[in-house]
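The block underneath contains the structure these notes are about, expressed in structure tokens.
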Amino acid sequence: MDARALAALAANPGCRRRALLDGAGVDKGALAQALGAPANFGQSQFAHQRGNSFEARVKADGGADLVRLLHERLRDGSEPPGPGAVATPDLTASGPQGRTARTALALREATEAGRWALLDHPMVSLDVAGSPAFLEPDAVVVHPDGTWTVIEIKSFPMVDGSADPAKVGAAARQSAVYTLALERVASMIGEPEEGGDAAEAAEAANRADRAPVRVRVRHQVLLVCPKDFSNLPTAELVDVRKQLAVTRRQLDRLTRIEEIAAALPEGTTFDLRLTDDGRLPTRPVEELTAAVDAVDAAYAPECLSTCELAAHCRTRSRAAGQVEALGRGVRGELGGFTTVDAVLTAAMNGPADEAPTGDPAVDALRRAAALRAEALASRPELASRPEAAACR
């Protein structure tokens with residue numbers, strides 16, 4: 001699981017299918033391809049290369065320009081970092097557990113030093129539905145006052161000081177996941193703020209044979225983007241408190257992965273049975289479909305931009321006539337109606353001028369059906385066409 005997957009999972013916590021597949025490390029893109037419903041989103045190779053080039057430019061010279069941008073946006077009256085004032089600790093270690101431990105040590109040492117420090121691609125962990133997820137932010141800056149700021153570097157442009165709201169929102173949700181994971185690190189290595197787990201922090205400090213230090217993860221992340229379609233960086237602070245609260249609440253509600261797996265039929269597997277060269281799946285589509293359908297999904301149109309299996313889930317949702325395929329807003333308005341057939345039956349089961357049934361959804365549907373019939377009656381050329389007269 002990466003931060004994007006966790007942000008998408010937190011936005012749709014009712015989808016057991018995604019929780020299980022992500023927790024098990026299943027390649028959902030390859031699975032969707034084998035099912036005949038490949039994902040149609042993701043970065044092109046050109047965009048990926050452009051993003052890597054921009055990130056390298058931003059972090060050049062030991063991240064001095066990046067820290068300068070952060071200081072300029074903070075406007076907190078603190079002293080700006082001077083030449084050579086930004087430390088860049090080495091985070092090299094073997095395996096994700098080793099890198100996570102090395103990151104925690106580097107964060108503590110930088111905080112105790114009381115100086116600017118830039119951690120390039122640190123690794124932090126987060127428990128998700130009983131399974132550890134290792135996350136890699138673009139960068140984390142340690143301030144001289146002991147606070148930490150998440151840095152999110154994106155390749156979409158910031159024109160006249162503003163960027164695409166949808167992309168900024170996605171970056172904020174992703175950054176909230178990093179912030180949540182860093183708060184866990186802060187609670188273990190530092191003296192927590194009021195309301196924190198002091199016992200846990202003291203125990204961690206005793207294990208390290210050091211006095212606790214006061215640390216705090218800032219709830220404003222620095223979003224760095226190209227300025228006006230150039231390759232020059234610009235940045236803005238993004239408040240992620242709302243996204244952080246939602247992510248924390250939704251992840252806490254996730255069913256534990258082992259509970260989902262225990263409810264599956266014996267022998268369920270998502271193995272594609274690839275050929276010896278690892279390129280082509282040999283498992284029958286019918287078997288794969290049955291395995292995927294054994295896990296409940298919670299499809300919504302928003303999934304199309306966040307999940308590789310969304311096209312398959314949409315097809316199955318439409319085939320079953322589920323109203324979720326029309327969007328969460330529509331689903332909420334329809335109350336207890338879960339299928340399109342049930343909606344149409346309720347709409348056509350009586351005239352709108354009858355006495356109210358007491359069910360707001362039924363009354364609204366009948367009124368809508370009456371208005372549609374009235375509109376068709378006023379246009380004879382439409383009423384004579386079967387495809388226009390039928391409710392679809």
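Quick rundown of the values:
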read-out	value
Subset of the stretch 80-96 (residues that are open to solvent by 50 Å² or more (accessible area, probe 1.4 Å) and in contact (Cβ under 8 Å) with a residue 24 or more places away in the chain)	THR88, PRO96
Residue match in the stretch 133-147 (condition: open to solvent by 40 Å² or more (accessible area, probe 1.4 Å) and aliphatic (A, V, I, L, M))	no
From ALA85, ALA110, ALA117, residue being more than 25 Å from the chain's Cα centre (by Cα), more than 17 Å from ARG218 (Cα to Cα) and in the same structural domain as ARG57 (by TED's automatic domain parsing)	ALA85
Checklist (1) farther than 25 Å from LYS227 by Cα; (2) open to solvent by less than 40 Å² (accessible area, probe 1.4 Å) applied to HIS71, failing item	(1)
Index of the failed condition, ASP353 passing every other in (1) closer than 14 Å to ALA300 by Cβ; (2) in contact with a helix residue (DSSP H, G or I) (Cβ under 8 Å, 6 or more places away or on another chain); (3) at pLDDT below 85	(1)
Odd one out for GLY77 among (1) assigned to a loop (DSSP other than H, G, I, E, B); (2) open to solvent by 60 Å² or more (accessible area, probe 1.4 Å); (3) not assigned by TED's automatic domain parsing to the domain that holds VAL177	(3)
Of residues in the stretch 112-133 being more than 23 Å from VAL224 (Cα to Cα) and touching a helix residue (DSSP H, G or I) at 6+ places or on another chain (Cβ under 8 Å), the one modelled with the highest pLDDT	SER125
Search result, residues across the stretch 39-50 that are under 15 Å from ALA310 (Cβ atoms) and open to solvent by 60 Å² or more (accessible area, probe 1.4 Å)	ASN40, PHE41, GLY42
Candidates THR247, THR269 - the one that is modelled with pLDDT under 90 and among the hydroxyl-bearing types (Ser, Thr, Tyr)	THR247
Selected residue [in contact with a strand residue (DSSP E or B) (Cβ under 9 Å, 6 or more places away or on another chain) and either modelled with pLDDT of 85 or more or open to solvent by less than 60 Å² (accessible area, probe 1.4 Å) (or both)] from ALA346, ALA320, ALA388	ALA320
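The values are calculated or read from the model by the stated rules, or taken from the named source; none is laboratory data. If you're wondering where the values come from, they're calculated on a predicted model, not measured in any experiment. Quick reminder, even Gly has a Cβ in these numbers, built from the backbone with ideal geometry, and neighbours come from all protein chains shown. Surface areas here come from the heavy atoms of the whole protein model, side chains and all, with no ligands, DNA or RNA. Shrake-Rupley method; radii C 1.70, N 1.55, O 1.52, S 1.80 Å.
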